[in-house]
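Taking it in order: structure first as structure tokens, then the write-up.
The values are calculated or read from the model by the stated rules, or taken from the named source; none is laboratory data. Model, not experiment: these values are computed from the prediction. With ideal geometry, Cβ positions are generated from the backbone for all residues, glycine too; neighbour counts draw on all protein chains shown.
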Amino acid sequence: MTAEIIDGKAFADALRAQVAGAVPAFVDATGRKPGLAVVLVGDDPASSVYVRFKGKATLEAGMESFEHRLPEVSGQAELVALVEQLNADDRVDGILVQLPLPGHMDDKAVIATIDPAKDVDGFHVANAGRLAVGEKSLVPCTPFGALALLKHRLGDLSGLEAVVLGRSNIVGKPMAQLLLQQNCTVTIAHSRTRNLPDVVRRGDIVIAAVGQPQLVRGDWLKPGATVIDVGINRIQIGDGKTRLVGDVDFDSAKEVAGAITPVPGGVGPMTIAVLLRNTLVAAHARHDLRAPEGL
Ligand code: NDP
């Protein structure tokens, strides 16, 4: 069997077009564009690229983009003061502080200062708590995007066995909550899980978010499983060259899975598309407007 390749890029493009299509009605209703502020501390090259991508995508969706760059040596108080200024700025509907922050800063303490209504990354404990108790919340972008791909491929997920590898607050835990809301039977695996291949083999759905290149192999999978590979790892392939791979060994997995996301071109593009979606949803909520149908 050769798996269907889930085209995350195409799905993300469609979502971005849907968001862009809904912006004019928001502008008509409120007299202003939705706005996303992205804050980067330091000049980590990968983070810098992400921030540039996010800014460009925000403008392409017809929204306002505010980019703030603070030097690496900035103090946490300076960053918190900026977040508080953005909390108070009516032009800003979404605030994203690019992680990881430099070592002398406390990610959790900084995130706690973001207004939960503007927390488009969904990392604030208020949003994490609402997700856990099944209340409306801003949901972390990557798991939300992964769920959208799963629903597109499988429709109703009710009763399916889902195995989530990884228990981070950013991906694994919110992913598990979302799957539980969809009535999946959810197993969360992590670095202390015993007999990991046997656990993974239970999954009709397998979500890999461990940050370990090509950990999940084809012979770990139930035949026909739907595999969502969240991992993004850069590996050496000789001659000083590198290649991006996921947490799943794509070549062996595609021979057993029913469907699989590639890396790159799978979950990655969905993350930015959902960030735009969350910004638009947050903007509507701040004006007591109903979010556009289907978003
Ligand atoms: P973290 O490092 O925060 O978490 C990794 C999780 O995987 C932990 O729960 C850890 O277990 C578990 N783990 C690590 N090694 C193993 C192992 N050998 N067997 C089983 N479990 C293991 O990573 P993130 O959740 O932030 O990210 C995961 C991956 O997703 C990374 O590759 C990252 O680059 C990618 N990512 C991609 C995004 C996208 O846009 N596509 C966005 C965010 C992340 P324990 O808790 O026991 O330590």
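Find all pairs meeting these conditions: Cβ atoms under 7 angstrom apart; at least six residues apart or on different chains; first residue within segment 85-97 and more than 11 Å from Phe66 (Cβ to Cβ); second residue part of a strand (DSSP E or B).
Final answer for the pair search is Val97/Val39.
Restricting the search to segment 19-45, which residues are in contact with a strand residue (DSSP E or B) (Cβ under 9 Å, 6 or more places away or on another chain) and over 20 Å from Leu86 (Cβ atoms)?
Asp43
Only one of (1) within 15 Å of the ligand (Cβ to nearest atom); (2) among the basic types (Lys, Arg); (3) buried (at least 16 other Cβ atoms within 10 Å of the Cβ) fails for Arg234. Which number is that?
Unmet for Arg234, out of (1) within 15 Å of the ligand (Cβ to nearest atom); (2) among the basic types (Lys, Arg); (3) buried (at least 16 other Cβ atoms within 10 Å of the Cβ): (3).
When you look at Ala81, is it small (Gly, Ala, Ser), at pLDDT 95 or above, out of contact with any Lys or Arg (no Cβ under 9 Å at 6 or more places or on another chain) and over 28 Å from Arg290 (Cα atoms), yes or no?
yes
Within the group Leu160, Leu131, which residue is outside the structural domain of Leu221 (by the TED database), farther than 21 Å from Ala12 by Cβ and of a type outside the set (Lys, Arg)?
That would be Leu131, the only listed residue that is outside the structural domain of Leu221 (by the TED database), farther than 21 Å from Ala12 by Cβ and of a type outside the set (Lys, Arg).
Scan (1) touching a helix residue (DSSP H, G or I) at 6+ places or on another chain (Cβ under 7 Å); (2) away from the ligand (no atom under 16 Å from the Cβ); (3) part of a helix (DSSP H, G or I) for the single condition Ala273 breaks and write down its number.
Of (1) touching a helix residue (DSSP H, G or I) at 6+ places or on another chain (Cβ under 7 Å); (2) away from the ligand (no atom under 16 Å from the Cβ); (3) part of a helix (DSSP H, G or I), only one is false for Ala273: (2).
Name every residue in segment 102-124 that is more than 20 Å from Met175 (Cβ to Cβ) and surrounded by 24 or more Cβ atoms within 10 Å (Cβ to Cβ), in order of residue number.
Correct list: Ile114, Lys118.
Name the residues in segment 1-57 that are of a type in the set (S, T, N, Q) and either over 30 Å from Pro71 (Cβ atoms) or outside any helix (DSSP H, G or I) (or both), would you?
Thr2, Gln18, Thr30
Would you mind finding the one in Val216, Val171, Val200, Val210 that is in contact with a Phe, Trp or Tyr (Cβ under 8 Å, 6 or more places away or on another chain), within 10 Å of the ligand (Cβ to nearest atom) and β-branched (Val, Ile, Thr)?
Just one listed residue meets the conditions, Val200.
Among the residues of segment 237-270, write down those that are buried (at least 17 other Cβ atoms within 10 Å of the Cβ), of a type in the set (Val, Ile, Thr) and within 16 Å of the ligand (Cβ to nearest atom).
Of everything in segment 237-270, those that are buried (at least 17 other Cβ atoms within 10 Å of the Cβ), of a type in the set (Val, Ile, Thr) and within 16 Å of the ligand (Cβ to nearest atom) turn out to be Val245, Val248, Ile260, Thr261, Val263, Val267.
Given the criteria away from the ligand (no atom under 13 Å from the Cβ), surrounded by fewer than 22 Cβ atoms within 10 Å (Cβ to Cβ) and closer than 18 Å to Val230 by Cα, does Lys151 qualify?
Judged against the criteria, Lys151 is a match.
Here are some residues: Gly8, Gly31, Gly75, Gly42. Which one is closer than 18 Å to Ala282 by Cα and of a type in the set (Gly, Ala, Ser)?
Gly31
Looking at segment 154-191, which of its residues are surrounded by fewer than 18 Cβ atoms within 10 Å (Cβ to Cβ) and within 13 Å of Ile228 (Cα to Cα)?
Answer for segment 154-191, where residues must be surrounded by fewer than 18 Cβ atoms within 10 Å (Cβ to Cβ) and within 13 Å of Ile228 (Cα to Cα): just Leu154.
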